[in-house]
Amino acid sequence: MKTTTMAAGLLLAGLIAAPAAMAAPDAQALLRQSDQARGGDLPGLAWEVRLANSGSASEDLQPMRLEVRANKTASLAEVREPLSNKGSKMLQVDRNMWLSKPGLKKPVAISPRLRLSGQAAIGDIAATNYAKDYTAKLLREETLNGEPCYVLDLKSANKQSTYDRIVYWVSEKRMVGVQAQFYSLSGKLLKQASFQYDNTVKVGGKSIPFVSAMQINDALTDARTTLKYGELRVKTFADAEFQVDNL
């Protein structure tokens, strides 16, 4: 009788523990954590981005260099090269974005979907806050290039997002986004991107991996844009630097 009671108890404990062990991870929390490796929700950070294009349609596209400053809710990107675009600035505050450049009397409101160069949209070079702009759902778990990943389906939560839908691979171990597929509202695949994280940044005494390269490939042609990130600096910025009236 005692043995039967113990067995029943173990079986009951196993049934109680099973749902907890099988519980799916919180997709929105995974997305929020992965954002940090691309500048999202960090207190103050500056970096440099260099863009280069390749493919049959890239002959007239010059390399670009931008300096980006960001805090938890805003980012400011300024073009340093080429000279023809030097001084142009793109300010993002929450879900709003503006462009200013030499010759413009005042900043103009723009969409993050506006093309910056090649396959890169303006929203691609701002600090990434996917968790604020998209609703995440866990599609599945799969191995990508030998690395176990969570595959998330991201649906746009507002009209100010850079893409309507993203399928996003997040490394289970490193908690960084390693691959993305960008779709239109009609479901058409537009572009695919891959990410590398050879940079690190120290925030609050903790080392965080930070993106070092993003490669964006057009879905239909051989057009490719590579973004390389460097010159990282943890820095506190005055709120005035992210005010549209100061552009």
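Placing unit charges on C-beta atoms (Lys and Arg positive, Asp and Glu negative, everything else neutral), compute the dipole magnitude of the range 157-217 about its Cα centre in debye, rounded to 20.
100 debye
Work out from phi, with θ = phi - 60° and the Karplus expression 6.51 cos²θ - 1.76 cosθ + 1.60, the ³J(HN,Hα) of each residue of the range 128-137, listed in order in whole Hz, and give x for Gly and Pro.
So the Karplus estimates, Gly and Pro as x, are 8, 10, 4, 5, 8, 9, 9, 9, 9, 9 Hz.
What is the sum of charges, Lys and Arg at +1 and Asp and Glu at -1, for the other residues whose Cβ falls under 10 Å from the Cβ of LEU154?
0
With r as the distance between the Cβ atoms of LYS105 and LEU144 and R0 = 45 Å, compute the FRET efficiency 1/(1 + (r/R0)^6) and round to 0.05.
0.40
If you take the C-alpha gyration tensor of the chain, multiply each eigenvalue by 5 and take the square root, what semi-axes do you get, largest first, in whole Å?
Its equivalent ellipsoid spans semi-axes of 40, 21, 17 Å.
Based on Cβ point charges of +1 for Lys and Arg and -1 for Asp and Glu, what charge dipole magnitude is obtained for the chain about its Cα centre, in debye rounded to the nearest 20? Working shown, then result.
Values: 32 positive and 25 negative charges, 78 e Å.
For this selection, approximately 380 debye.
Take every Cα pair under 8 Å in the range 21-68 that's 6+ residues apart, average their separations, divide by the length, and report that relative contact order as a whole percent.
On the way: 28 pairs, mean separation 14.4, N = 48.
Computed value for the range 21-68: 30 percent relative contact order.
Run the reach check for LYS105 against lysines, Cα to Cα strictly under 22 Å, same-chain hits fewer than 8 apart removed. What comes back?
Cross-link targets: LYS86, LYS89.
Can you give me the long-range amide H partners of TYR134? Hydrogens built in the peptide plane at 1.01 Å from N, cutoff under 5 Å, separation of 5 or more residues or another chain.
ALA157
Ignoring any ligand, DNA or RNA, what whole percent of the accessible area of the chain comes from carbon and sulfur when the probe is 1.4 angstrom?
Summing carbon and sulfur atoms, their accessible area is 52 percent of the total for the chain.
Straight-line reach from LYS106: which aspartates and glutamates have a Cα under 19 Å away, not including same-chain ones fewer than 8 places off?
Of all the aspartates and glutamates, those that pass the test against LYS106 - Cα under 19 Å, at least 8 places apart if same chain - are GLU78, GLU241, ASP245.
Of the listed peptides 230-238, 111-119, 23-31, what is their order by residue-averaged count of other C-beta atoms within 10 Å, with the highest listed first?
Put in order of decreasing packing, that is 111-119, 23-31, 230-238.
Taking the Cβ of LEU232 as the centre, find all other residues whose Cβ is under 14 Å away and add up their charges (Lys, Arg: +1; Asp, Glu: -1).
Residues close to LEU232 contribute a combined charge of +3.
Report the Cα-based extents of the range 113-170 along its three principal axes, largest first, to the nearest Å.
Result for the range 113-170: principal-axis Cα extents of 33, 24, 16 Å.
Give me a comma-separated list of calculated 3J(HN,Hα) values for the range 151-163, in order, Karplus coefficients 6.51, -1.76, 1.60 applied at θ = phi - 60°, integers in Hz, x for any Gly or Pro.
Karplus-based 3J(HN,Hα) across the range 151-163 equals 9, 9, 9, 10, 9, 4, 9, 7, 6, 8, 6, 6, 9 Hz.
For LYS206, go through the lysines and keep the ones whose alpha-carbon is under 25 Å away, minus same-chain ones fewer than eight residues off.
Leaving aside lysines fewer than 8 places away in the same chain, those within reach of LYS206 are LYS72, LYS132, LYS173, LYS228, LYS235.
Residue by residue through the range 40-56, which ³J(HN,Hα) values in whole Hz follow from phi under the Karplus form 6.51 cos²θ - 1.76 cosθ + 1.60 (θ = phi - 60°), with glycine and proline marked x?
x, 6, 9, x, x, 7, 10, 7, 10, 10, 10, 10, 9, 10, 9, x, 5
Considering only THR225, VAL170, LEU138, whose Cα is most displaced toward the positive end of the charge dipole of the range 137-247, charges sitting on Cβ of Lys, Arg (+1) and Asp, Glu (-1)?
LEU138
Just want the answer: with Cβ charges of +1 for Lys and Arg and -1 for Asp and Glu, which residue in GLY44, PRO63, ALA77 is farthest toward the dipole's positive end in the range 32-77?
GLY44
Determine the calculated [θ] at 222 nm for the chain from helices alone, applying -39500 (n - 2.57) to every DSSP H run no shorter than 4 residues and normalising by the residue count; nearest 500 deg cm²/dmol.
Value at 222 nm, helices only, nearest 500: -4500 deg cm²/dmol.
Is the range 28-114 rounded, prolate or oblate when judged by the Cα gyration tensor, a ≥ b ≥ c being the square roots of its eigenvalues, rounded requiring a/c under 1.5 and prolate requiring a/b larger than b/c?
The shape class here is oblate.
Quick one: putting +1 on the C-beta of Lys and Arg, -1 on the C-beta of Asp and Glu, what dipole do you get for the range 121-195 around its Cα centre, in Debye to the nearest 20?
So the magnitude is around 200 debye.
Taking the Cα atoms of the range 118-231, what is the range of coordinates along each of the three principal axes, in descending order and whole Å?
For the range 118-231, the Cα extents along the three principal axes come out at 44, 31, 30 Å.
The values are calculated or read from the model by the stated rules, or taken from the named source; none is laboratory data. None of these values were measured; they are calculated from a predicted model. Cβ atoms come from the backbone with ideal geometry, glycine included; neighbour counts cover every protein chain shown. All accessible areas refer to the heavy atoms of the entire protein, side chains included, with ligands and DNA or RNA removed. Shrake-Rupley method; radii C 1.70, N 1.55, O 1.52, S 1.80 Å.
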